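**Student:** My questions all concern the structure below.
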Amino acid sequence: MKKILFPTDFSECANNALPFALDLTKKNNAKLIIVHVYYMSVVQPIDRSVPIEVALSSADKVIYEALEKRMKRSKREIQFNGL
């Protein structure tokens with residue numbers, strides 16, 4: 001095995017799986033490739049006076065900030081494991 005693909009949405013489940021991917025990578029002297037996967041559901045804002053584009057851009061910002069935090073935490077864990 002030369003490459004291991006680790007798809008993640010940075011959810012708690014994915015974060016729990018990361019140590020296993022890191023261990024597998026180390027044991028097989030492989031390269032770990034992490035790809036962020038994201039499913040975006042379209043929701044109608046409760047306040048219909050707010051255009052959907054504004055509501056989505058606001059939601060995107062919140063999601064992006066949360067993912068940035070999770071990504072940094074995962075990066076620290078990867079570095080801690082020497083990869």
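**Student:** Within the range 12-49, can you find the residues that are in a loop (DSSP other than H, G, I, E, B), modelled with pLDDT of 85 or more and surrounded by 10 or more Cβ atoms within 10 Å (Cβ to Cβ)?
**Tutor:** Correct list: 28, 30.
**Student:** Provide a single number: the residues in the range 62-83 that are over 15 Å from residue 9 (Cα atoms) and either surrounded by fewer than 11 Cβ atoms within 10 Å (Cβ to Cβ) or within 11 Å of the chain's Cα centre (by Cα) (or both).
**Tutor:** Qualifying residue count, the range 62-83: 4.
**Student:** Another one. Can you report the number of residues in the range 70-82 which are within 17 Å of residue 7 (Cα to Cα) and without any contact (Cβ under 8 Å) to a residue 12 or more places away in the chain?
**Tutor:** 2
The values are calculated or read from the model by the stated rules, or taken from the named source; none is laboratory data. If you're wondering where the values come from, they're calculated on a predicted model, not measured in any experiment. Virtual Cβ from ideal backbone geometry, glycine too; neighbours counted across all protein chains shown.
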